[in-house]
Amino acid sequence: MAFPYSSCKQKSTFLTFLPLLLLISSSVADLSFNFYAGSCPGAEFIVRNTVRSASTTDPSVLGKLLRLIFHDCFVQGCDASVLIRGNGTERSDPGNASLGGFTVIESAKNVLEIFCPGIVSCADILVLAARDAVEALGGPVVAIPTGRRDGTISVAANVRPNIIDTDFTVDKMINVFTSKGLSVQDLVVLSGAHTIGAAHCNTFNSRFKRDPRGNLELIDSSLDNSYAQTLLNKCSSSMDPTTTVVNNDPETSSTFDNQYYRNLLAHKGLFQTDSALMEDDRTRKIVEVLASDGESFFERWSESFVKMSVMGVRVGEDGEIRRSCSAVT
């Protein structure tokens, strides 16, 4: 099933003003909207069209593209270092083993190299593809400043200290986000990415245990009982918890909306990190607001996504423009 692009004009009201305010910082002064207007005017269209085409044959790729940008930006900035192949690279770390969407980025890059060789960075393609994936699933239309350059260093050892594990406490998550210049609100808003996508059973199996007969049983009382039973039924029947997948959002998994927050209120957060947001006053209050106001979620998502997309960017003479996203030039 293909996901239609949203044409709701109301969403476009979030496009310009908030991101512009965020770009006042000198560290991202070399980024701009329509950066490729003169050098490769069709760049954003090519990326969007590639994402749309890929999603018609594999709808799950949209969630994968969104996850991919998190795993890139949180490790030494949004520099496409997660795309580099090779022993000892970020991509080779077990924490990134289940990442997907790489072929979509490479496909877009291949087309861009035909029309605009050596112009558009993989880092920009990655951010634009994640933006377009959200839009394709009915999420907000977000204007993204471009002009990022690609990093030349990708080290597996940098992955684990910088990404959120599924059993983190709120304090641990806040510490990671704060170290990136992101706020508690950004943490809750960007957690809303779990309104799409899917996860393997082994990523949340700490919420259950196996009895002597090998059957799973619930040990996490924060989960809704009926939802927990659904997860048990899904995962108990699998001999390989690394391959069986469960939708992050049990209600509207094919739509980018604020259902994730309503799920949290109903104690139906898939990961421990999801449920933890309801156990801390700092985060629970934000969850309650976003659960009741989908428009507010879209507006705040637009802010937080742009903030994340400019973390640690390489601009000017820093970095390079790769000819292939999977290898340093």
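Structure data summary
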{"quantity": "Out of T273, T252, T283, T329, sole residue that is polar (S, T, N, Q), in a loop (DSSP other than H, G, I, E, B) and farther than 30 Å from D30 by Cβ", "calculated": "T252"}
{"quantity": "Matching entry among T166, T178 (being at pLDDT 95 or above and open to solvent by 20 Å² or more (accessible area, probe 1.4 Å))", "calculated": "T178"}
{"quantity": "Condition met for L83 (touching a residue at least 40 places away in the same chain (Cβ under 8 Å) and farther than 23 Å from T166 by Cα)", "calculated": "no"}
{"quantity": "Of all residues in the range 273-313 being in contact (Cβ under 8 Å) with a residue 40 or more places away in the chain and more than 20 Å from the chain's Cα centre (by Cα), the one that is surrounded by the most Cβ atoms within 10 Å (Cβ to Cβ)", "calculated": "M278"}
{"quantity": "Wholly enclosed helices (runs of 4 or more DSSP H) of the range 92-199 bearing at least 1 residues in contact with a Phe, Trp or Tyr (Cβ under 8 Å, 6 or more places away or on another chain), touching a residue at least 24 places away in the same chain (Cβ under 8 Å) and closer than 22 Å to V51 by Cβ", "calculated": "122-136, 184-191"}
{"quantity": "Selected residue (only one of T169, T178 is β-branched (V, I, T) and farther than 29 Å from A228 by Cβ)", "calculated": "T178"}
{"quantity": "Residues of the range 139-153 that turn out to be in contact with a Ser or Thr (Cβ under 7 Å, 6 or more places away or on another chain) and open to solvent by 20 Å² or more (accessible area, probe 1.4 Å), as a count", "calculated": "4"}
{"quantity": "Answer from S32, S98, S6, S39 - the residue that is among the hydroxyl-bearing types (S, T, Y) and either crowded, with 21+ Cβ neighbours inside 10 Å or modelled with pLDDT under 85 (or both)", "calculated": "S6"}
{"quantity": "Sole residue being closer than 13 Å to F74 by Cα and out of contact with any Ser or Thr (no Cβ under 6 Å at 6 or more places or on another chain), chosen from T169, T178", "calculated": "T178"}
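The values are calculated or read from the model by the stated rules, or taken from the named source; none is laboratory data. Computed from a prediction, not measured in an experiment: that's the story for all the values here. With ideal geometry, Cβ positions are generated from the backbone for all residues, glycine too; neighbour counts draw on all protein chains shown. Ligands, DNA and RNA are stripped out before the accessible areas are found, and what is left, the full protein with its side chains, is counted by its heavy atoms. Shrake-Rupley method; radii C 1.70, N 1.55, O 1.52, S 1.80 Å.
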